[in-house]
Amino acid sequence: MESIKYFTVGLLSGTLTVGTLFCLIHGIQTFTMKGIALVIVAFILSIPIHELIHGITCAYVSDNNYKTIHYGVNFKKFYAYCRYTRIMGRNANIYTSVMPGIVLGVIPAIIAILIGNPPVCAFAILSLAGASKDIKDCYDKTNL
């Protein structure tokens, strides 16, 4: 259940940073049930997109072709994955690891803060939490 541990830490970190900044600028916002449902559905649908972003980034920044990339779900340990069958360079590993967090987390967080949209902010926080283990794995592999 290591993935749940990192998701929880990422959720707390994202809430303390993005959520606090959002509240300082826009005040405390309320959610409708429709907004909560929309965030949950969007986050669940973003999981395969997150993994696709890993794969596309890997194919683009490394010498790996798309045929060396494999996707799957580990239901026992509760996570989706994108695996590369070849070794990547340090920079390619960094880009591949952080790109889903940037695309699905950082960019929506900036948009949410600029337009004051609480569901987009919540989605960004969940996406940053989902990318937290990627950042940890990147750190372990590249010795940043």
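Just so you know, all these numbers are worked out from the coordinates, no wet-lab data involved. None of the values given here were measured: they were computed from a predicted structure. Virtual Cβ from ideal backbone geometry, glycine too; neighbours counted across all protein chains shown.
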message: Return the residues of region 113-142 that are within 13 Å of the chain's Cα centre (by Cα), of a type in the set (V, I, T) and crowded, with 18+ Cβ neighbours inside 10 Å; say none if nothing qualifies.
response: I125
Matching residues in region 70-129 - criterion: being under 25 Å from T15 (Cα atoms) and not in a helix (DSSP H, G or I): K77, F78, Y79, A80, Y81, G116, N117
Considering residues of region 15-60 that are among the aromatic types (F, W, Y) and surrounded by fewer than 18 Cβ atoms within 10 Å (Cβ to Cβ) only, the residue nearest to N74 (Cα to Cα): Y60
